[in-house]
Amino acid sequence: VRIAVLGAGVVGSNLGRLWLEHGHDVTFGARDPESDKVKALRQAAGSGLRVDGIAEACEPAEVVVLAVPFAAAPDTLNAAGDLSGKVLVDCTNPLEADLSGLTVGQTTSAAEQVAGWAPGARVVKAFNTIGAQHYANPRFGDQVADAFICGDEGEAKALAGRLAEDLGFEVVDAGSLAAARLLEPLALLWIRMAYVEGAGSNIAFKLLRK
Ligand SMILES: NC(=O)c1ccc[n+]([C@@H]2O[C@H](COP(=O)([O-])OP(=O)(O)OC[C@H]3O[C@@H](n4cnc5c(N)ncnc54)[C@H](OP(=O)(O)O)[C@@H]3O)[C@@H](O)[C@H]2O)c1
């Protein structure tokens, strides 16, 4: 799959590096392709990894991954240009700066706002409900963490789901994009449990069935 990853932070660099290892064609779209962070990433990932400007990375991509702070999403999507028809995987969480809450929610979500800023893109919410340190290995003992995804289009969700399965996740389809109103608070629960309530960051959510 031809993937553009917007944001070379913890989320973007992990996802991009792992998908590259799984044989996908990954280009990072960076606001500054010559920054020290981007240079370090390029060195760590080896020669297969490409970094370009945001619009240049998105243009040929089938899947665009949004991995920037939510507050930077409008500018980043503006720089991305026309994403209509592309699968846009939204990893953002609209966190308050002190992690005490969400800046949007209940009647909308970051994902729905992202969809509004990228008209025609096929938005899927994914990878937001677990710390990025687990993307490389979502196995917890004999259990596998779930990747909760949601979106309005089945084919787009199936593609995002396959990208999550490549990393070893089990995928749970939580429904339409409006379900992001519930998945984003779930991320806040993860953060609160991990870093405030003392559970530590080696935790993950799993849907049980019987
Ligand atoms: N960290 C996690 O475990 C985790 C897990 C799930 C979801 N998320 C969500 O995923 C998104 C990315 O998180 P992250 O932890 O990867 O963040 P991060 O490490 O801080 O990286 C943010 C990336 O966004 C880029 N960026 C573009 N415009 C920016 C701006 N105006 N201000 C700041 N950065 C800007 C940065 O570029 P430069 O390199 O040029 O600074 C950097 O590459 C966030 O929405 C976060 O809530 C995080």
* Return a whole-number percent for the relative contact order of the chain, with Cα pairs under 8 Å and 6 or more residues apart as the contact set. => 18
* Asked: In sequence order, what are the phi-derived ³J(HN,Hα) couplings for the range 68-82 according to the Karplus relation 6.51 cos²θ - 1.76 cosθ + 1.60 with θ = phi - 60°, rounded to whole Hz, with x for glycine and proline?
  -> 10, x, 4, 4, 8, 5, x, 5, 5, 5, 4, 5, 5, x, 6
* Asked: With the chain treated as a Gaussian network of Cα nodes joined by springs under 10 Å, which of 61, 132, 40 yields the largest mean-square fluctuation?
  -> 40
* Mind checking which of 125, 86, 37 has the largest fluctuation in a GNM of the chain, springs on alpha carbons under 10 Å? -> 37
* To do: Enumerate the residues in the range 110-149 having an amide nitrogen under 12 Å from the point lying 7 Å beyond the Cα of residue 182 toward its Cβ.
  => 149
* To do: Rounded to the nearest 500, what is the 222 nm mean residue ellipticity of the chain from helices alone, with -39500 (n - 2.57) per DSSP H run of 4+ residues and division by all residues?
  => -10000 deg cm²/dmol
* Around residue 73, with a cut-off of 15 angstrom between Cβ atoms, what is the net charge of the other residues, counting Lys and Arg +1 and Asp and Glu -1? -> -2
* Work through the residues other than residue 136 whose Cβ is under 11 Å from its Cβ and net out their charges, Lys, Arg +1 and Asp, Glu -1. => +1
* Structure fact -> So residue 71 and residue 152, fully extended at 0.36 nm per residue minus their Cα-Cα distance, gain in nm 26.8 nm
* Counting Lys and Arg as +1 and Asp and Glu as -1, each charge on the Cβ, what is the dipole of the range 167-210 about the Cα centre in debye, to the nearest 20? -> 160
* Farthest positive-ward along the range 103-210 dipole, Cα basis, beta-carbon charges - from 115, 104, 191 -> 191
* Provide the per-residue ³J(HN,Hα) series for the range 136-144, in order, calculated from phi with Karplus coefficients 6.51, -1.76, 1.60 and θ = phi - 60°, each as a whole number of Hz, with x at glycine and proline positions. => 6, 8, x, 8, 10, x, 8, 10, 10
* **Net dipole in debye of the range 48-156 [+1 Lys, Arg Cβ; -1 Asp, Glu Cβ; about Cα centre; nearest 20]** => 180
* At a Förster radius of 41 Å, what calculated FRET efficiency corresponds to the Cβ-Cβ distance of residue 34 and residue 209, to the nearest 0.05? -> 0.25
* **Environment charge of residue 180, counting only residues whose C-beta is closer than 15 Å and scoring Lys/Arg +1, Asp/Glu -1** => -2
* To do: Compute the separation of the alpha-carbon centres of the range 1-78 and the range 160-208 and state it in Å as a whole number.
  => 22
* With springs only between Cα atoms under 10 Å apart, run a GNM on the chain and tell me which of 88, 182, 167 wobbles the most. => 182
* Label point 7 Å out from residue 84 along Cα-to-Cβ: which residues of the range 142-159 have amide N under 19 Å? -> 152-153, 156
* To do: For the range 101-210, give the magnitude of the charge dipole about the Cα centre (Cβ charges: +1 Lys/Arg, -1 Asp/Glu; no others), in debye to the nearest 20.
  => 180
* Structure fact -> Long-range amide H partners of residue 28, meaning residues 5 or more apart or on another chain whose placed amide H is closer than 5 Å, are 5, 50, 51, 52
* Asked: How far is it, in nm, from the label point at residue 195 to the one at residue 144 when both lie 7 Å from their Cα along the line to the Cβ?
  -> 2.9
* Structure fact -> Note, the range 194-207: 3J(HN,Hα) by Karplus (6.51, -1.76, 1.60, θ = phi - 60°), whole Hz, Gly/Pro = x, goes 5, 10, 10, 8, x, 6, x, 8, 8, 9, 7, 8, 9, 8
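Readers should treat all values here as calculations from the given coordinates under stated rules, not as data from a laboratory. Owing to the predicted nature of the structure, the values given are computational and were not obtained by experimental measurement. Note: ideal-geometry Cβ built from the backbone for every residue, glycine included; neighbour counts use all protein chains shown.
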